Protein chains: 2
Amino acid sequence: MAGYPLPIKHLISELGKLPGIGEKTATRLAMHILRAPEGDARALADSILEVRDKIRFCRVCYNFSEAELCTVCRDSARDSSQICVVEDPDALMAIEDSGSYSGTYHVLHGVLSPLDGIGPEQLKLRELVERIRESGVREVILATNPNVSGDSTALLISRMIGPLAVTVTRIAQGVPMGSDLRYMDRMTLSKSLEFRRGMEKEP
Amino acid sequence: MAGYPLPIKHLISELGKLPGIGEKTATRLAMHILRAPEGDARALADSILEVRDKIRFCRVCYNFSEAELCTVCRDSARDSSQICVVEDPDALMAIEDSGSYSGTYHVLHGVLSPLDGIGPEQLKLRELVERIRESGVREVILATNPNVSGDSTALLISRMIGPLAVTVTRIAQGVPMGSDLRYMDRMTLSKSLEFRRGMEKEP
């Protein structure tokens, strides 16, 4: 890209900062932006500025939101006695897309990761504890990812809110739907055995 | 992405218009843009607007340029008696990066592609012929891609400028460096035999 004019080099370098976009892809995207209709390029730039301008965190659950409260927290049909604790808004959206949860959320915006300098004070933990104390929460479902960081974060939360009068649960770990045991990793198989459930009796 | 606030949906949809970016990748990029430092998002948006604002075509060779003449055409050290005809600025840049060419270029901005409605009048062909007529060009190197569209475009150009007093050449086709004949396609092998050259004698 050495020979491109400066504005193109700028664009390639800015695009290259995006995750998973290397110099080759950035160059291809830049060429597309150069050739696309003027309106498309402007719309892309505007949407980047708009998203930074208009999106903030929900005052209650720290989900992305346009207003003070996010769509979930605003929805009176949601069961506010359940809080599902997730790492980030992407996880929240994945659970929403599954359509199998009607409670509220709490977004931590990260997980414990000492090597990256992320300790309890970098997460929205204090806010979670306060929220549980102040409202009539019945159950806290820990839905951090099933890995070392997610598990240790879940453990920490479970200890922090243990003294409060609230049920703490963890999402189930096991073999995913449609998988083949032959190709499943040992950790998952071992979890699926450890957490085996009694079969429901035929009616 | 149904549940995201509108500005995030906008951004995902605009990013999804870029080539090779599906909804999942667009969502990942949007999340990055939301979390990146404010300055980074602004720099990206600005560079998109800047590139559309400042980049135009070189008056002589139709390469991307910030000024009326591109860096190649401005460079008096380049041999202006040679014109290398390429499909697009990417091809020009690839040849520049190879460091093996010191002449000038002519960017067609496309190749003949009747199915896409691209005929001779959509390419910078008239401009090429005029340029050859008006300046002391000695050789025109046709460096369109070695495929059906590129070959037919090269053939057309060769016929158009045949009557002019200028040498017309085509870049060599054959087996690429470092390749293995076992895995080479038949067309390439057949071209590499058809265009075989006499070995240079030992000195």
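The values are calculated or read from the model by the stated rules, or taken from the named source; none is laboratory data. Since the structure is predicted, the reported quantities are computational estimates derived from the model, not experimental observations. Please note: Cβ atoms are built from the backbone with ideal geometry, for glycine as well, and neighbour counts cover all protein chains shown.
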Q: Find all pairs meeting these conditions: Cβ atoms under 7 angstrom apart; at least six residues apart or on different chains; first residue within the range B:54-71 and under 16 Å from A:His10 (Cα atoms) and without any contact (Cβ under 8 Å) to a residue 12 or more places away in the chain; second residue in a loop (DSSP other than H, G, I, E, B) and not basic (Lys, Arg).
A: B:Ile55/A:Pro5; B:Ile55/B:Glu66; B:Ser65/A:Pro5; B:Ser65/B:Cys58
Q: Could you give me the residue pairs with C-beta distances under 7 Å whose first residue belongs to the range A:151-178 and is without any contact (Cβ under 8 Å) to a residue 60 or more places away in the chain, whose second residue is among the basic types (Lys, Arg) and in a helix (DSSP H, G or I) wherever it lies, and which are 6+ apart or on separate chains?
A: A:Leu164/A:Arg133; A:Gln173/A:Lys191; A:Gly174/A:Lys191
Q) Any chance the range A:97-109 includes a residue that's of a type in the set (Gly, Ala, Ser) and outside the structural domain of A:Met160 (by TED's automatic domain parsing)? A) no
Q) How many residues are modelled with pLDDT of 90 or more and within 18 Å of B:Gly22 (Cβ to Cβ) if we restrict to the range A:25-39? A) 6
Q) Of all residues in the range B:1-14, how many are facing chain A (nearest Cβ under 7 Å), assigned to a helix (DSSP H, G or I) and crowded, with 17+ Cβ neighbours inside 10 Å? A) 5
(Q) Looking only at residues that are basic (Lys, Arg) and farther than 20 Å from B:Ala26 by Cβ in the range A:47-83, which one is nearest to the other protein chains (Cβ to nearest Cβ)? (A) A:Arg56
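Among the residues that make up the range A:78-88, is at least one of them in a helix (DSSP H, G or I), surrounded by fewer than 19 Cβ atoms within 10 Å (Cβ to Cβ) and of a type in the set (Lys, Arg)?
Our first condition is that a residue be in a helix (DSSP H, G or I); within the range A:78-88, this holds for none.
Within the range A:78-88 (the criterion being in a helix (DSSP H, G or I), surrounded by fewer than 19 Cβ atoms within 10 Å (Cβ to Cβ) and of a type in the set (Lys, Arg)), the answer is no, since none of the residues qualifies.
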Q) In the range A:15-24, how many residues are farther than 17 Å from B:Glu14 by Cβ and outside any loop (DSSP other than H, G, I, E, B)? A) 2
Q: Return only the number of the condition from (1) in contact with an Asp or Glu (Cβ under 9 Å, 6 or more places away or on another chain); (2) part of a helix (DSSP H, G or I) that A:Ala91 does not satisfy.
A: (1)
Q) Do we find that B:Glu23 is at the interface with chain A (Cβ under 8 Å from one of its Cβ atoms) and surrounded by fewer than 19 Cβ atoms within 10 Å (Cβ to Cβ) in this structure? A) no
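Considering every residue within the range B:115-129, establish whether at least one is touching a strand residue (DSSP E or B) at 6+ places or on another chain (Cβ under 6 Å) and in contact (Cβ under 8 Å) with a residue 40 or more places away in the chain.
Of all residues in the range B:115-129, those touching a strand residue (DSSP E or B) at 6+ places or on another chain (Cβ under 6 Å) come to B:128.
Now restrict to residues that are in contact (Cβ under 8 Å) with a residue 40 or more places away in the chain: B:128.
Yes - at least one qualifying residue is present in the range B:115-129.
Looking at A:Leu44, A:Leu18, A:Leu34 in this structure, which one is touching a His at 6+ places or on another chain (Cβ under 9 Å), surrounded by 16 or more Cβ atoms within 10 Å (Cβ to Cβ), over 20 Å from A:Ala91 (Cβ atoms) and facing chain B (nearest Cβ under 8 Å)?
Numbers: A:Leu44 fails: touching a His at 6+ places or on another chain (Cβ under 9 Å); A:Leu34 fails: touching a His at 6+ places or on another chain (Cβ under 9 Å).
Answer to the selection: A:Leu18.
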